Amino acid sequence: MHSTWHPESRGSLTVHTVSPTELNVRLAQDIAQRLATAIQVRGFAVLSVSGGKSPVALFEALRVMDIDWSRVRITLVDERYVPRNHPDSNALLVQTHLQQDLAAKAQLVFMVTRASEPLDTPAAQAKAAGIALLAASPADVLVLGMGADGHTASLFPEAPNLAEALDLRNTQTCVAIELAHPPANAPYARITQTLAQILSARHIVLPLTGADKLNTLQQAWKQATPALPISFVLQQTQTPVALWLAN
């Protein structure tokens, strides 16, 4: 990320700038330490993760960290509206890249429990996912991603019910997101944690690489706007957020 703009820590938002080769290992070490501390304090830890291709290298660094994975519950920040063993399922991505090696002992909490069609409606599926998330307890560490369009989790700028999903008074844990024009590489309805649920985490991490994403981040840094849903995470002071940038 070579740019004249460099975000600086402010309030509950901390910025870590590390080399691209170190980013995933350094972040994995930080996450593992936080999970280990939670296990010491409460007897278990909750790690909530996002899907997509971006976190794969982080997952592969994290799964060899030597902590008591049998006491870790892994939850999903969002999920595609597909059976849990579908090739495009975030759960399958987590099982393939994170729930291996030492982390094979972790417990994965599914957002979509069925392994085959037919599924419940997206709204019913979101309700069931919300119940499972609440039972798992709040996340000790929640890993977000961000698209170049400013979306995070499955909170997309053009989602018809985005305002509802971003409303901190919304008591729903998860909502269904049905886009008129979903991403071509994953043309599915989504189930996502609401902003209120995301902010119930004890610690949020946001790893970012790439100049296009830095440009988006610069816009989201200025003010909260529904045009860039990630801005609502960056502009709040309720939950600590650690931004991890490759430079």
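Among the residues of the stretch 1-16, count how many are polar (S, T, N, Q) and open to solvent by 80 Å² or more (accessible area, probe 1.4 Å). Spell out the reasoning first.
Within the stretch 1-16, the subset polar (S, T, N, Q) is 3-4, 9, 12, 14.
Imposing the further condition that a residue be open to solvent by 80 Å² or more (accessible area, probe 1.4 Å) reduces the set to 4.
Total meeting the criteria: 1.
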Select from the stretch 135-153 the residues that are more than 29 Å from residue 57 (Cβ to Cβ) and part of a loop (DSSP other than H, G, I, E, B) and list them in ascending order. none
Near pairs, Cβ below 7 angstrom, 6+ apart or cross-chain, from the stretch 37-53 (modelled with pLDDT of 95 or more) to any residue that is of a type in the set (Asp, Glu): 38/140; 39/68; 45/140; 46/140; 47/140; 50/78
Filtering the stretch 154-182 down to residues that are open to solvent by less than 20 Å² (accessible area, probe 1.4 Å), more than 30 Å from residue 246 (Cα to Cα) and in a loop (DSSP other than H, G, I, E, B) yields 173
Taking the options 63, 26, name whichever one is modelled with pLDDT of 95 or more, closer than 21 Å to residue 213 by Cβ and among the basic types (Lys, Arg). 26
Considering only residues that are among the small types (Gly, Ala, Ser) and in a helix (DSSP H, G or I), look in the stretch 207-221 and name the one that is surrounded by the fewest Cβ atoms within 10 Å (Cβ to Cβ). 211
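The values are calculated or read from the model by the stated rules, or taken from the named source; none is laboratory data. Computed from a prediction, not measured in an experiment: that's the story for all the values here. Neighbour counts are summed over all protein chains in view; Cβ atoms, including those assigned to glycine, are modelled from backbone coordinates with ideal geometry. The accessibility values were calculated without ligands, DNA or RNA, using every heavy atom of the protein model including side chains. Shrake-Rupley method; radii C 1.70, N 1.55, O 1.52, S 1.80 Å.
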